[in-house]
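The structure appears below as structure tokens.
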Amino acid sequence: MATTLERGTAFELQLRRLFEAHGYQATHNVRLTGRSGAEHQIDVLAELPLPLQTVRLIVEAKAYDQPVDKDALLKLTQIVDDLGADRGVLATTSYFTPGALKMAAGRNVDLWDRDHVSRLLGEAALGLADDGAEAPITAAASETGLLGVIPRVSMPEARAAVEAGVARRRKGGLLGVGRVEEELAEMALVYATFYELTLDAPVYEEERRGLLAKEVVRKIVPVRLSVGAHSGRIVTIDLAGRVQGTPYTLPELAADEADALKALPQGWFTRDDLLALGYPQGKAQRIVSGLQAKGLLASQRLERKVRYSLTGLIPIPNGFRAITEAFAAEPLRAEPKLLRGAARSQAAIIRAAEALAPGATVTGLTVLYYPYYGYTVQRQDGSRRQGLLDGLSGEVKQPADR
């Protein structure tokens, strides 16, 4: 029978090879010094060089028989913050306690339980980890199971468009004014991460009742929203087929704040209304202060009392057009190179959507990848500039999720 050390090492090595199979530079068992000066032992350091940045993941492996508790999550969160990494991954051959799952919401750490790991490695390979043996990454284990929008603009077309822009800058304007000597240095296909939410949302429609009478009827209809996984910003597809940001962002909400938003009236209310809902004085004050800081409450003083109204509520439906309502999504053959990591957790996005879309219930969430071509241009003076070209519209632009 394998020892605990052998099982742990085998699991760490399999995770390292998993990340390597998806294009990461992965290092096993390294020591790094954080901003605090403390040294941290890292099971797997996974780095993905991209044109605009290098994504850095800290992976902690737990080859346990018992569920992993919140202490392991808190420790990894602190290490990720101290090292300034993009994200942490806490992977286990077991499962997580309810406390750990609840605490993970809104944190910069992904939890991979046995079911998730087995989908990535394959159950047979995971069984070998249980036995303390290392197995190669198989072709089946390398299947991503991820959905992405396929670019309409090819790499040669994208390169030609960027090089045309470089040529115009090199030529300059009238009599060469504004001329910039530069060359396209590198280009790569990268993906922005979006969450697509399916919600059952209430709408009000006017229906005829006989020849003259009309009645407003409340109906529950399915609605789709595309939300940036980095910023939480809702995006929509415009009439020209371009991804555009909207004024609506799903903020990070504490559980008490989300519950209060669902219970509070959409008209004016006072702090006494929170007390009437059963919140203690101190908690009511914290909720009001938190919602104000997030820009979700407008205030007005009347005589000696301050009254509030909700702002930032999502008008559903309001003409939003989700990405998959305009473009077909297909399984990706390989792990996508990411423009940036998903800074917002799925649980936090769901909580905010249900709180800010009155009466709506989230019934599904899909992770979706949208293509861009990231490029770097080298100037004659040695400096560089970077840009993005939309993989569907062909426009040079900033991503909608920013």
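The values are calculated or read from the model by the stated rules, or taken from the named source; none is laboratory data. Nothing here was measured: the structure is a model prediction, and the numbers come from that model. Because the Cβ atoms are built from the backbone with ideal geometry, glycine has one as well, and the counts that use them run over all protein chains shown.
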Could you tell me which numbered condition L296 fails, if it satisfies all but one of (1) among the hydrophobic types (A, V, I, L, M, F, W, C); (2) in contact with a Pro (Cβ under 8 Å, 6 or more places away or on another chain); (3) in the same structural domain as H230 (by TED's automatic domain parsing)? (3)
In the set V362, V306, V377, which member is under 19 Å from the mean Cα position of the chain (by Cα) and β-branched (V, I, T)? V362
Subset of region 297-315 (residues that are touching a residue at least 60 places away in the same chain (Cβ under 8 Å) and surrounded by 20 or more Cβ atoms within 10 Å (Cβ to Cβ)): I314
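Within region 320-336, restricting attention to residues that are charged (D, E, K, R) and in a loop (DSSP other than H, G, I, E, B), which residue is surrounded by the fewest Cβ atoms within 10 Å (Cβ to Cβ)? It would help to see each step written out before you state the result.
So in region 320-336, the residues charged (D, E, K, R) come out as 321, 325, 330, 333, 335.
Adding the requirement that they be in a loop (DSSP other than H, G, I, E, B) leaves 321, 333, 335.
Numbers: R321: 19, R333: 11, E335: 18.
Selected residue: R333.
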Within region 337-395, how many residues turn out to be closer than 16 Å to A192 by Cα, part of a strand (DSSP E or B) and among the charged types (D, E, K, R)? 1
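Could you list, in sequence order, all residues of region 71-118 that are charged (D, E, K, R), over 20 Å from the mean Cα position of the chain (by Cα) and surrounded by 17 or more Cβ atoms within 10 Å (Cβ to Cβ)? First the steps, then the outcome.
Of all residues in region 71-118, those charged (D, E, K, R) come to 71, 75, 81-82, 86-87, 102, 107, 110, 113-115.
Restricting the remaining residues to those that are over 20 Å from the mean Cα position of the chain (by Cα) gives 71, 75, 82, 114-115.
Those that are charged (D, E, K, R), over 20 Å from the mean Cα position of the chain (by Cα) and surrounded by 17 or more Cβ atoms within 10 Å (Cβ to Cβ): D82, R114.
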List the strands (runs of 3 or more DSSP E) that sit entirely inside region 213-287 and contain at least 2 residues that are at pLDDT 90 or above and touching a Lys or Arg at 6+ places or on another chain (Cβ under 6 Å). 233-237, 243-249
Inter-residue pairs, beta-carbon under 6 Å, first crowded, with 20+ Cβ neighbours inside 10 Å and in region 391-402, second of a type in the set (A, V, I, L, M) and in a loop (DSSP other than H, G, I, E, B), 6+ apart: G391/V153
Per the filter on region 33-70, residues surrounded by fewer than 16 Cβ atoms within 10 Å (Cβ to Cβ), in contact (Cβ under 8 Å) with a residue 12 or more places away in the chain and more than 24 Å from Y373 (Cα to Cα) are R35, S36, A38, Q41, D65, Q66, D69
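Would you mind stating whether E335 is at pLDDT below 85 and not assigned by TED's automatic domain parsing to the domain that holds P247?
The answer is no for E335.
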For Q14, are the conditions met, namely being more than 22 Å from the chain's Cα centre (by Cα) and surrounded by 13 or more Cβ atoms within 10 Å (Cβ to Cβ)? yes
